[in-house]
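Below: one structure, written as structure tokens.
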Amino acid sequence: MTRSPTATVLVLGLLAALACGDPEPPKAVDVPPPVEAPEPQPRGLWVLCEGSQRVLEHPERIPVLIADAHRMGVSDLFVQVYRGGRAWFDSSHADAEPYRALREATGGDTLAQLITQAHENDLRVHAWVNVLSLASNRDAPILADLGPGAVLVDRWGRSLLDYPGLDVPPPDRHYTRMGTPAVWLDPAAPGVAERLVGTFTELLIKYPELDGLHLDYIRYPDVLPFAPGSRFGVGLDFGYGEATRARFRAETGLEAPFGKSLANANAWDGWRRDQVTALVAALRFAARTALDDIEFSAAVWSWADRAYLAQGQDWRRWLEDGLLEFAVPMAYTLDDRMLRYQAESYTGLPVADRIWVGLGTWLFARRPERALEQIRIVHAAGAAADSLFSWDSIADAPALLDALAVEATVDTTETPGDG
């Protein structure tokens with residue numbers, strides 16, 4: 001056996017000390033314990049089902065996604081598998097035509113392949129699902145089965161199905177816009193919550209290797225300009241379907257404000273907010289029943305107060321009550337100072353360690369240095385993690401990808417400008 005030089009010196013020293021009659025052998029030198037390297041911060045990456053790369057339709061691109069993710073220091077992939085009521089997985093509840101087309105074209109299950117290859121490369125995979133938005137799909141199976149009553153109705157009694165182009169009809173259009181025009185489901189309408197729970201439970205049962213379920217569009221629509229709920233009778237808000245108002249009446253003994261009425265507006269706003277929270281709770285319970293170690297997360301509105309008042313999205317409560325493992329506020333902006341204000345508002349919360357700041361990296365395809373500056377801003381603010389939107393846009397901008405790859409190898413926690 002070969003002895004190390006250090007061990008040999010120690011042995012010779014001990015023999016020499018004994019030969020000289022030293023009463024005690026030399027004392028061992030205290031060696032400080034090794035310093036453990038800090039755990040790397042998580043980083044998410046959204047992967048679109050219908051973006052430029054369409055990785056689920058092109059399994060040969062899975063290794064490219066994995067390589068790019070590693071270069072950028074990504075730990076978690078949010079892979080979109082349900083959008084517009086259409087499923088990129090085998091489903092009996094949703095329109096599974098995208099999945100069937102994939103099977104026919106590739107001869108395999110590309111989502112399962114992606115999960116396997118990601119795990120082999122130490123990446124976690126979360127199934128990203130658009131919950132209450134059906135995009136422009138008026139023919140989604142959920143509507144065929146539940147009827148038009150499943151769709152949101154505005155305070156004047158107009159269904160979103162009757163909105164031309166799915167945006168606000170004239171004359172309101174002169175001063176009001178939908179932030180995200182779409183067919184939106186009413187979370188309080190009969191059968192909606194149950195149908196969504198069944199859809200996503202089916203997903204988790206068929207893909208038990210998934211690491212998480214990532215909710216998106218888990219709110220009421222955003223309207224421009226912003227109005228803080230129904231209590232001032234201005235702007236536009238949703239959830240006034242006849243069956244939903246009847247349910248509110250039965251559960252509270254109150255009449256919902258409707259049209260010009262402002263009666264019971266605060267109770268109505270709170271009740272609608274509770275319907276979204278109840279849907280999150282039902283989805284979590286079903287998900288954990290299917291897979292007891294699944295992580296539950298959501299992409300949420302970047303301003304928590306606005307989300308609470310206008311979108312019925314009380315995501316701070318979801319974190320505080322343990323309904324989410326983490327939330328990803330979508331702080332997409334060109335305004336770096338506003339981004340800092342937002343990031344600092346998150347890091348001051350009791351749940352700050354479970355907030356991943358979502359960054360609009362795609363905004364800086366031609367100015368990669370700006371994307372890096374925003375990463376530095378959120379890390380200097382003390383953000384627990386970040387998430388980049390999206391792989392498709394980054395893959396389309398090689399200079400941006402290269403810059404993010406370099407950024408992933410350096411410390412971004414220092415305040416910009418520190419020497």
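Since every read-out is calculated from the coordinates, none of them should be taken as a lab result. Everything quoted here is computed from the prediction, not taken from an experiment. All Cβ positions, glycine included, derive from the backbone under ideal geometry; neighbour counts span all protein chains shown.
Listed values, structure above:
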quantity	calculated
Extended-chain gain in nm, criterion 0.36 nm per residue less alpha-carbon gap, ALA246 and ASN121	39.8 nm
Dimensions (Å) - the stretch 83-164, Cα atoms, principal axes, largest first	53, 27, 20
Whole-Hz ³J(HN,Hα) from phi, Karplus 6.51 cos²θ - 1.76 cosθ + 1.60, for the stretch 320-329, glycine and proline x	4, 8, x, 7, 10, 6, 7, 10, 10, x
Gain in span if fully extended, THR409 to ARG71, counting 0.36 nm per residue against the direct Cα distance	120.8 nm
Calculated from backbone phi, Karplus (6.51, -1.76, 1.60) coupling profile of the stretch 301-315 in Hz, x at Gly/Pro	5, 6, 9, 4, 5, 5, 4, 5, 6, 10, 9, x, 10, 8, 5
FRET efficiency for ASP293 and PHE232, using Cβ-Cβ distance with R0 set to 51 Å, rounded to 0.05	0.70
Long-range amide H partners of ARG177 with built H, under 5 Å	LEU224
Counting DSSP beta bridges with both ends in the chain, the antiparallel % (nearest 5)	20 percent
Where labels lie 7 Å past Cα in the beta-carbon direction, separation of SER92 and ARG337 in nm	5.8 nm
Distance between the stretch 261-327 and the stretch 184-218 - C-alpha centres, whole angstrom	14 Å
ARG366-ARG103 FRET efficiency (beta carbon distance; Förster radius 35 Å; 0.05 resolution)	0.35
Inter-label distance, nm, simple model (7 Å from Cα along the C-beta direction), VAL64/GLN41	2.9 nm
Separation of alpha-carbon centers, the stretch 147-170 and the stretch 78-115, rounded to whole Å	29 Å
Full-stretch length increase - ALA282, ASP222 - with 0.36 nm per residue and alpha-carbon distance subtracted	19.3 nm
Per-residue [θ]222 nm for the chain (sum of -39500 (n - 2.57) over DSSP H runs n ≥ 4, rounded to 500)	-11500 deg cm²/dmol
³J(HN,Hα) computed for each position of the stretch 330-342 - Karplus, 6.51 cos²θ - 1.76 cosθ + 1.60, integer Hz, glycine/proline x	8, 8, 7, 7, 8, 9, 5, 5, 4, 4, 4, 4, 5
